[in-house]
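Here is the structure we will look at, set down as structure tokens.
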Amino acid sequence: MRFLITAGPTREAIDPVRYLTNRSSGKMGYCLAEAAVHEGHSVLLVSGPTSLDIPHGVDFLPVESAQEMYDAVKNQAPYADAAILSAAVADYRPVFVPNRKIKKTGERMILELERTGDILGSMRTEFGFSGVLIGFAAETHDVEDYARGKLERKRCDMVVANDVSRRDIGFDSSENEVMLVYPDRTELLEKAPKTQIALRIIEHASRLAQEKGASC
Ligand code: CTP
């Protein structure tokens, strides 16, 4: 199977020396890429900037901004059997990006932001993707409900939900505990190293692909 996996944060330029980003380390996405290769699959990893080593055996496509990730996924989606979008994509970017450094003037400054393209939300619509689609949801409360909403709105086969209010898992940690939210049920993957969680997610993705294949 060919997996397309997104990982890491994005960077949205404010001016030539500054940007907006988030705390994603990229670990979960890189573990997923490694796990998929380990299971004998072919992998394209589309990654925002991280400090991680590129996993052996993956095709690697580095990007910076949400728009670059959007374009890369749009171009590559037709070649994938399964897409796992684990990147923490910026939801907003600065409207105007001057090509010279912004100098400080008054005591306050207002930065105007606009929405970035929703990659996960475009997969079934603009990109016409019909393979296995897995999204991620990082929530601080009502985790399962929000994840199920996302699953339905973005027509995913499964959403991997993280509780980011917990400090012992997620973001920069090497462990995670996630809920796998399906249309008809939810499965808990108890706290374990991200490498283990990743293997389980790849197993679920392969099973979903087999089921899809069987129903076609
Ligand atoms: N995602 C994406 N493109 C974006 C933003 C998010 O593909 N521009 C993907 C992430 O990779 C992840 C999922 O969408 O798989 C996370 O969804 P989120 O941004 O939390 O979704 P929303 O429904 O917009 O949630 P919220 O209302 O919490 O912002």
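So for segment 138-157 (the condition being more than 13 Å from the ligand (Cβ to nearest atom), exposed (fewer than 14 other Cβ atoms within 10 Å of the Cβ) and either within 19 Å of TYR30 (Cβ to Cβ) or of a type in the set (D, E, K, R) (or both)), does at least one residue qualify? Within segment 138-157, not a single residue is more than 13 Å from the ligand (Cβ to nearest atom), exposed (fewer than 14 other Cβ atoms within 10 Å of the Cβ) and either within 19 Å of TYR30 (Cβ to Cβ) or of a type in the set (D, E, K, R) (or both). Could you list, in sequence order, the residues of segment 72-92 that are away from the ligand (no atom under 12 Å from the Cβ) and under 20 Å from THR116 (Cα atoms)? Residues satisfying the conditions are ASN75, GLN76. Just give me the residues in segment 117-129 being within 25 Å of ALA161 (Cβ to Cβ) and surrounded by fewer than 13 Cβ atoms within 10 Å (Cβ to Cβ), in sequence order. Residue satisfying the conditions is THR125 alone.
Across segment 11-47, the qualifying residues are those that are modelled with pLDDT under 95 and among the charged types (D, E, K, R), and the one among them that is surrounded by the most Cβ atoms within 10 Å (Cβ to Cβ) is LYS27. Being in a helix (DSSP H, G or I), at pLDDT 95 or above and within 10 Å of the ligand (Cβ to nearest atom) holds for only one residue in LEU199, LEU208, LEU133, LEU120, and it is LEU120.
Restricted to segment 1-47, the set of strands (runs of 3 or more DSSP E) holding at least 3 residues that are of a type outside the set (Lys, Arg) and in contact (Cβ under 8 Å) with a residue 24 or more places away in the chain comprises 2-7, 12-15, 42-47.
Checking ALA161, ALA147 one by one, the residue that is of a type outside the set (Lys, Arg), within 22 Å of GLU203 (Cα to Cα) and part of a helix (DSSP H, G or I) is ALA147 and no other.
Strands (runs of 3 or more DSSP E) fully within segment 52-116 that include at least 1 residues being more than 17 Å from the chain's Cα centre (by Cα) and buried (at least 17 other Cβ atoms within 10 Å of the Cβ): 92-94.
The values are calculated or read from the model by the stated rules, or taken from the named source; none is laboratory data. Given the structure is predicted, the values throughout are model-derived calculations rather than measurements. Heads up, the Cβs are rebuilt from the backbone with ideal geometry, glycines too, and the neighbour counts pull from every protein chain shown.
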